[in-house]
């Protein structure tokens, strides 16, 4: 029987998560838009570039730390904000916050979190990012901003690639909703995974605490993520709105979902500290470029003025090294810890992060580097240029 001790890499955590979760919930994590071409490309893009190691460099001690948003992180990768984590494991965001703190890296909390920013602030000692969705309801927007400020979050990241919901066909096939809708088919799925179902019904009430004072979807109305994006978010959001939000926040501010040089340059003009290159895990516009494919040109255009984060498709330490070598200040990922959360809660995330750390330390030594600032494009070769 497979358990946490059998998990040695990303694929193992994914397999264990699949065995533990009901099909609709696993496929919500694992699925993407349309034909999932972009989802696949997010990882395969890293294979287009090879690493060129150096030797005889004296590499016994390796420093993996980086500084971003004015904060030092012990790892050059952080846990990206993702929604509704208590659907995947009853510990949810609490587990991720505690694991991120243990590894001294940043944790991102979604507007669609199932644990409040206030509670996260009490249990997390590491830097914290709040992922902001721009709603039609301006009162809700103001409250989200104020709560993140009062909870002393370090970064506000405005998600800009969910102006409407992506076509997530797996969710349509499985009938995935938030909270899970009790139908004959879903009851069969839940019955196949009794441990998940028991924990779900016996844990504290499932809710979306950042939304419950303003919208029905925060409590008991069944909805899909696609419906939420398409009906509740403001599709007229523009650069002026983003700039006003940055000014109201008054601290480190990032745009999450930037994919073009043009937009990265505009981000500087509105006061961003960083841009997060992301296509929402391939869950929005299928056929769009992978973040790693866009990284070099965005770094070349704005990397001397603001920090650049590469988010998406990361499954190995070498993927992180390649992104850092191209000029990313840090990387982030969602599925890289969500499968581990679903597999074993906080213990699963801690093992996933420990494996990433071990891979990075080993790979840095094999590259002949003792600090990530020694990585550069001199370490890389395009396969097509060999």
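The values are calculated or read from the model by the stated rules, or taken from the named source; none is laboratory data. Model, not experiment: these values are computed from the prediction. So basically every Cβ, Gly included, is an ideal-geometry build from the backbone, and we count neighbours across all protein chains shown.
Can you tell which of 13, 26, 69 is at pLDDT 95 or above, in contact with a strand residue (DSSP E or B) (Cβ under 9 Å, 6 or more places away or on another chain) and within 28 Å of residue 293 (Cα to Cα)?
Answer to the check: 69.
For the range 231-245, enumerate the residues that are touching a residue at least 12 places away in the same chain (Cβ under 8 Å) and farther than 11 Å from residue 145 by Cβ.
So the first thing to find is which residues in the range 231-245 are touching a residue at least 12 places away in the same chain (Cβ under 8 Å), and the list is 232-235, 237, 239, 241-243, 245.
Once the filter is applied, which keeps residues that are touching a residue at least 12 places away in the same chain (Cβ under 8 Å) and farther than 11 Å from residue 145 by Cβ, the range 231-245 yields 232, 233, 234, 235, 237, 239, 241, 242, 243.
Yes or no: residue 104 surrounded by fewer than 23 Cβ atoms within 10 Å (Cβ to Cβ), free of Cβ contacts under 8 Å to residues at least 60 places away in the same chain, more than 16 Å from residue 340 (Cα to Cα) and in contact with a strand residue (DSSP E or B) (Cβ under 8 Å, 6 or more places away or on another chain)?
For residue 104, the condition - surrounded by fewer than 23 Cβ atoms within 10 Å (Cβ to Cβ), free of Cβ contacts under 8 Å to residues at least 60 places away in the same chain, more than 16 Å from residue 340 (Cα to Cα) and in contact with a strand residue (DSSP E or B) (Cβ under 8 Å, 6 or more places away or on another chain) - is met.
Of the residues 44, 40, only one is in contact with a helix residue (DSSP H, G or I) (Cβ under 9 Å, 6 or more places away or on another chain), assigned to a helix (DSSP H, G or I) and surrounded by fewer than 17 Cβ atoms within 10 Å (Cβ to Cβ); which?
40
Does the range 115-159 hold any residues that are in contact with a helix residue (DSSP H, G or I) (Cβ under 7 Å, 6 or more places away or on another chain), assigned to a loop (DSSP other than H, G, I, E, B) and closer than 24 Å to residue 72 by Cβ, and which are they?
The answer is 124, 125, 126, 151, 152, 153.
Being under 24 Å from residue 355 (Cα atoms) and in contact (Cβ under 8 Å) with a residue 12 or more places away in the chain, is that true of even one residue in the range 130-147?
no
Just need a number here: residues in the range 59-91 that are farther than 20 Å from residue 308 by Cα and crowded, with 22+ Cβ neighbours inside 10 Å.
6
When residues of the range 51-94 are filtered for being over 26 Å from residue 205 (Cβ atoms) and assigned to a strand (DSSP E or B), how many remain?
Summing the residues that are over 26 Å from residue 205 (Cβ atoms) and assigned to a strand (DSSP E or B) in the range 51-94 gives 10.
Would you be able to tell me the number of residues in the range 240-273 that are outside any helix (DSSP H, G or I) and within 23 Å of residue 78 (Cα to Cα)?
14
Quick one: residue 18 ticks every box in (1) in contact with a helix residue (DSSP H, G or I) (Cβ under 7 Å, 6 or more places away or on another chain); (2) modelled with pLDDT under 95 bar one, so which box is it?
Condition (2) is where residue 18 drops out.
Here is a check on your reading of the model: is residue 195 part of a helix (DSSP H, G or I), modelled with pLDDT of 85 or more and farther than 18 Å from residue 157 by Cβ? Show your work before the answer.
Details: part of a helix (DSSP H, G or I): yes; modelled with pLDDT of 85 or more: yes; farther than 18 Å from residue 157 by Cβ: yes.
Against the criterion (part of a helix (DSSP H, G or I), modelled with pLDDT of 85 or more and farther than 18 Å from residue 157 by Cβ), residue 195 qualifies.
Hey, can you tell me all the residues within the range 348-385 that are modelled with pLDDT under 95 and either assigned to a helix (DSSP H, G or I) or closer than 26 Å to residue 100 by Cβ (or both)? Please lay out each step first, then the result.
From the range 348-385, those modelled with pLDDT under 95 are 382-385; that's our starting set.
383, 384, 385 - these are the residues of the range 348-385 that are modelled with pLDDT under 95 and either assigned to a helix (DSSP H, G or I) or closer than 26 Å to residue 100 by Cβ (or both).
Before we move on, is residue 97 touching a helix residue (DSSP H, G or I) at 6+ places or on another chain (Cβ under 6 Å) and either assigned to a loop (DSSP other than H, G, I, E, B) or surrounded by 18 or more Cβ atoms within 10 Å (Cβ to Cβ) (or both)? Please lay out each step first, then the result.
Values: touching a helix residue (DSSP H, G or I) at 6+ places or on another chain (Cβ under 6 Å): yes; either assigned to a loop (DSSP other than H, G, I, E, B) or surrounded by 18 or more Cβ atoms within 10 Å (Cβ to Cβ) (or both): yes.
So residue 97 passes the test.
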